[in-house]
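S.K.: Below you will find the structure I want to go over with you.
The values are calculated or read from the model by the stated rules, or taken from the named source; none is laboratory data. Since we're looking at a predicted model, the values are computed, not measured. We place every Cβ from the backbone using ideal geometry, glycine too, and count neighbours over all the protein chains shown. Keep in mind that these areas ignore ligands, DNA and RNA; they rest on the heavy atoms of the full protein, side chains included. Shrake-Rupley method; radii C 1.70, N 1.55, O 1.52, S 1.80 Å.
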Amino acid sequence: MHRNLLTSILDNDFYKFTMQQGVIRLFPYAKARYQFINRGGHAFPPGFAQALREAVNGMAELQLRREEKHFLQRTCPYLDPVYLDFLEGYRYNPEEVHIEQKGSELLVRAEGLWYRTILWEVPLMSLICELYYQLADPARENDEEVMRRTKEKIEKYRALGVTVAEFGTRRRHSYAVHRVVMRALKEYGTGAFIGSSNVHMAMLHQTKPIGTHAHEWFMFHAARYGFKMSNALGLEHWVQVYRGDLGIALSDTYTTDVFFRQFDKMFSKLFDGVRHDSGDPLLFADKVIAHYQQMGIDPRSKTIIFSDGLNYEKVARIAEHCRHRIGMSFGIGTNLTNDAGPTAMNIVIKMTEACPQNGEWTPVVKLSDEPGKYTGSEKMIHLAKTILEID
């Protein structure tokens, strides 16, 4: 019943593949550890770990198919032939994932070479969600109702005059619901729907895979080079690999204020814009606009991608605030792919430690603009705040 819930190696977020190419090129000996964090305190039913183990074991059979490779060659010319050949030969190794259950508590960890383990986070999260609903909360709305809700949402976004990408793989209700949502977005979203963070879904629906990098890119750089250098070198290395492509920078790994201290005129001109992922979006927009103006750059030539727990009301408020002041687009996740009846899960999987080449394991932290979203040990969070002079 639970084996092979995933049918494509591309059923993952695009930024995992773009970061993987960067890691292979720059940090081939680095190792990483990831851990499941149950933010919502969900109680997992008996036998859950076994079901997840079987599903993870089934992932060893996934491999890049010829038509998938051709899609990447056509759509993503910045993924080089060497990387695509690597991906063709890549196989998930289930031994990299440790799964345990104590009563209703689920423990999941992944460890190994970073260029390999980087692909685990997103499919593991989507498997945890799908199996949870199968085993604990099986009833959901039928496909027609999911289609109707999605159609209603994308039509409202179109009426707002904004563009929307689907960012919902990690906490989707299920693969089946994700497919229905994508069908509705593609069918009814002309002019508003611009793509998906999920490469498999983008290919199935002939739309654009969207994404650049995630917090772990900068978290690793802090482990390797120190907190003071993590943003600047993270951006520098991104430019080294992508030469101007994939130009949306993630700004809140160590708070936006710290990020903009290092987002100098060169980076500000070179990157197309920034992504908002925590904290007050209107305050963030004002900071970004002020930063570009200070650099002598017209903010209207740049874009903010908003992606933090969005729904229609939030998007409408942000759009009204930003219109005619700066470019904007919206990445909407759980509100699209997990609005099928049961309550959406609140879970994450985060890098917890990194081991740079020939180095020691170093705990990593994320200090987003919302203190509640901090991840990492209290000792390391305190150290990072002291070094970066964060109150």
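S.K.: Can you tell me which residue among Ala139, Ala165, Ala176, Ala159 is open to solvent by less than 10 Å² (accessible area, probe 1.4 Å) and of a type in the set (A, V, I, L, M, F, W, C)?
M.R.: Among Ala139, Ala165, Ala176, Ala159, only Ala165 is open to solvent by less than 10 Å² (accessible area, probe 1.4 Å) and of a type in the set (A, V, I, L, M, F, W, C).
S.K.: Taking the range 316-331 only, how many residues are outside any loop (DSSP other than H, G, I, E, B) and out of contact with any strand residue (DSSP E or B) (no Cβ under 6 Å at 6 or more places or on another chain)?
M.R.: So the count comes out to 5.
S.K.: Identify all residues within the range 265-315 that are in a loop (DSSP other than H, G, I, E, B), within 19 Å of Asp245 (Cα to Cα) and either among the β-branched types (Val, Ile, Thr) or open to solvent by less than 20 Å² (accessible area, probe 1.4 Å) (or both); write none if there are none.
M.R.: Within the range 265-315, Phe271, Lys302 meet the criteria.
S.K.: Could you go through the range 14-31 and let me know if any residue there is surrounded by fewer than 17 Cβ atoms within 10 Å (Cβ to Cβ) and either among the hydroxyl-bearing types (Ser, Thr, Tyr) or in contact with a strand residue (DSSP E or B) (Cβ under 6 Å, 6 or more places away or on another chain) (or both).
M.R.: Scanning the range 14-31, I find at least one residue that is surrounded by fewer than 17 Cβ atoms within 10 Å (Cβ to Cβ) and either among the hydroxyl-bearing types (Ser, Thr, Tyr) or in contact with a strand residue (DSSP E or B) (Cβ under 6 Å, 6 or more places away or on another chain) (or both), so the answer is yes.
S.K.: Also, quick follow-up: For the structure I just gave you, tell me whether Val23 is under 26 Å from His237 (Cβ atoms), β-branched (Val, Ile, Thr) and not in a loop (DSSP other than H, G, I, E, B). Step through it out loud before you land on a result.
M.R.: Values: under 26 Å from His237 (Cβ atoms): yes; β-branched (Val, Ile, Thr): yes; not in a loop (DSSP other than H, G, I, E, B): yes.
It is true that Val23 is under 26 Å from His237 (Cβ atoms), β-branched (Val, Ile, Thr) and not in a loop (DSSP other than H, G, I, E, B).
S.K.: Scanning the range 85-105 for residues that are out of contact with any helix residue (DSSP H, G or I) (no Cβ under 6 Å at 6 or more places or on another chain) and open to solvent by less than 10 Å² (accessible area, probe 1.4 Å), which turns out farthest from Leu26 (Cα to Cα)?
M.R.: The residue in question is Tyr90.
S.K.: Closer than 30 Å to Lys156 by Cα, open to solvent by 30 Å² or more (accessible area, probe 1.4 Å), modelled with pLDDT of 95 or more and acidic (Asp, Glu) - does that describe any residue in the range 183-202?
M.R.: Checking the range 183-202: at least one residue is closer than 30 Å to Lys156 by Cα, open to solvent by 30 Å² or more (accessible area, probe 1.4 Å), modelled with pLDDT of 95 or more and acidic (Asp, Glu).
S.K.: Right, here's the next one. Looking at Gln206 and the list (1) surrounded by fewer than 24 Cβ atoms within 10 Å (Cβ to Cβ); (2) on the phi < 0 side of the Ramachandran plot, which single condition is not satisfied?
M.R.: So Gln206 meets the others, but not (2).
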